[in-house]
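Below: one structure, written as structure tokens.
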Amino acid sequence: MKKLLAALAMGASFALATPAVHAATPKDTLVEAWHMDDIISLDPAEMYELSTYEVNGNVYDTLVAINPHNTGEILKKAALSWTISDDGKTFTFKLRPGQKFASGNPLTAADVVYSFQRLTALNLAPAFLIQDFGITTDNMNTTLKAVDDLTFQMTVDQAYAPSFVINKLCATNFAVVDSVTVKSHEGKTSDGKNDWGNGYLKTASAGSGPFKIDEWKPNESISMSVNPNYWGPKPKLKRVFYRHIAEEASQRLLLEKGDVDIARNLSADQLDGVRKGAGGFKFPGTAQNTNLYMGMNTKNQYLSHPEVREAIRYLVDYQGLAKTALREGWIINQTFLPNGVLGYVDSNPYKLDIAKAKALLAKAGFPDGFPLTVNVASTEQSRMDIAQSLQQTMAKVGIKLQILASDQKTVITTYRARKHDMALLTWGIDYFDPNTNMAFVVNKDNSDDPKTGKPLAWRNGWMNDAFNKQANDLLFVTDTAKRKAGYQDMIKAWQPVSPFAMMFQQNWVAAVSPKVHNFFIGPSNEMTQYDTVYK
């Protein structure tokens, strides 16, 4: 394997230095150029970075998963079926018999218990996913049980909507790990506590998915090979090899010379350049679960007026930006849910309308406009393009917009402290359920030092008791159709009064060699699967 990796690396370097030489990737190996320096840890109980989700989505099985091609459907993975107790609190899962981890160890209910307990006990970034169910280190020995080898039972603290629980369990942080292998690598944390194998899984894998991780070189590469013990149809590829290539021009060059099979991070201009060539490349694209929006701080004397916020929503050139500066990368979405998530509704009532914006500002008592600032990450060209467009359209109604460009950390720090007028940011969901984005809606304490967290609504100084109640009630609606309709109604009522200008949803487009078949970019990173891809 090391010889193959060395050959791939040398071939790519040689191609960059000597463009006339055409390399060819092995037929049984998929090679991708990808900007993936966000990876910090490969441990499912710790990971919170987008690239890691894609890798682990191919390495681990969860009990259940979202169908990438039909996000309204739940796929059976480690679990074949489940039942819910009469009181709505106990979920019993029957596991698929005959499953094995890459190590050859059998997958049993004890592995599920261990996996969920370590997610709870490690208490790292994604721990809230299980803690939201009322599962803690104090009760995890009684709320998480192995009834027998093929029966796992989880008891939550309230009778939540079943769709909420099942959708959340699809998150890859609920991956089932090989408890025998991981326990053999447990160590101690700096304060002497059990590390639950975290030190080991930071750089290794212990899953039952179609692939296993062979090697991770931070900021350089990740290699995966087929798990010989996978329960499903065996992948046609033997290996998937990711190369970290930060520069899009380099990605394009490697693709066109045949040194990589897929380029993942090409801009619209680079994609156009590849299309004009004669390589016969394919360009699959899928809307992602990330929204680009502008937060409007209602603590500001002007933005406290609902009519002003509504006017600003009419000062965004949605269509113009989508066709020019943001083409390929973003599509219009004016709701707080990405398309594909339960409760999404195609509600895009806003368009650039200077006359309507002027009328709303006059109604609010500001016919001559006022000054505002917008915080923007200067390293994100799409956001700078939006800010500059807003500056031009707002000038037409007398709003003098000053662009405060800085690094992303400064924007986020200012935003979290509620010291902004407006801020351009993105927000990605944590799991495929509408409750994940209630941060746009729910705020139970609008004081400067809240005791109940600081969601996005709080960051913009906005609280609405009626929406708080509606969001809470929907969490317990057991009829999925009624729950979906409830979120759709909420979106339409929330759009004209909220402190947000929701604008776009991310769209990922890859450039793919004609040799590659069945490559599909999932709507969420873990949904980009390689078990059916072939060359």
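The values are calculated or read from the model by the stated rules, or taken from the named source; none is laboratory data. Since the structure is predicted, the reported quantities are computational estimates derived from the model, not experimental observations. Cβ: placed from backbone, ideal geometry, glycine included. Neighbour counts: every protein chain shown. All accessible areas refer to the heavy atoms of the entire protein, side chains included, with ligands and DNA or RNA removed. Shrake-Rupley method; radii C 1.70, N 1.55, O 1.52, S 1.80 Å.
A few points about this structure:
- Note on the stretch 437-515: enclosed helices (runs of 4 or more DSSP H) holding 2 or more residues that are of a type in the set (Asp, Glu) are 465-474.
- The stretch 462-491, residues that are closer than 11 Å to SER163 by Cβ and either without any contact (Cβ under 8 Å) to a residue 12 or more places away in the chain or acidic (Asp, Glu) (or both): ASP479, ALA481, LYS482
- For ILE399, the conditions (1) touching a residue at least 12 places away in the same chain (Cβ under 8 Å); (2) open to solvent by 10 Å² or more (accessible area, probe 1.4 Å) all hold with the exception of (2).
- Answer residue from the stretch 405-436, given it is free of Cβ contacts under 8 Å to residues at least 60 places away in the same chain and assigned to a strand (DSSP E or B) and is farthest from ASP385 (Cα to Cα) among those: SER406
- Taking the criterion of being at pLDDT below 95 and either part of a loop (DSSP other than H, G, I, E, B) or open to solvent by 10 Å² or more (accessible area, probe 1.4 Å) (or both), the residues of the stretch 41-69 that qualify are TYR48, GLU49, LEU50.
- Residue count, the stretch 309-328 (criterion: open to solvent by less than 20 Å² (accessible area, probe 1.4 Å) and in contact with a strand residue (DSSP E or B) (Cβ under 8 Å, 6 or more places away or on another chain)): 7
- Failed condition for ASN525, given (1) surrounded by 15 or more Cβ atoms within 10 Å (Cβ to Cβ); (2) at pLDDT 95 or above; (3) of a type outside the set (A, V, I, L, M, F, W, C): (2)
- The stretch 243-297: number of residues that are open to solvent by 30 Å² or more (accessible area, probe 1.4 Å) and under 26 Å from GLN334 (Cα atoms): 6
- Check on GLU73, closer than 26 Å to LYS193 by Cα, surrounded by fewer than 22 Cβ atoms within 10 Å (Cβ to Cβ) and free of Cβ contacts under 8 Å to residues at least 24 places away in the same chain: no
- Residues in the stretch 349-396 that are open to solvent by 40 Å² or more (accessible area, probe 1.4 Å), in contact (Cβ under 8 Å) with a residue 60 or more places away in the chain and either within 18 Å of HIS420 (Cα to Cα) or assigned to a helix (DSSP H, G or I) (or both): 0 in all.
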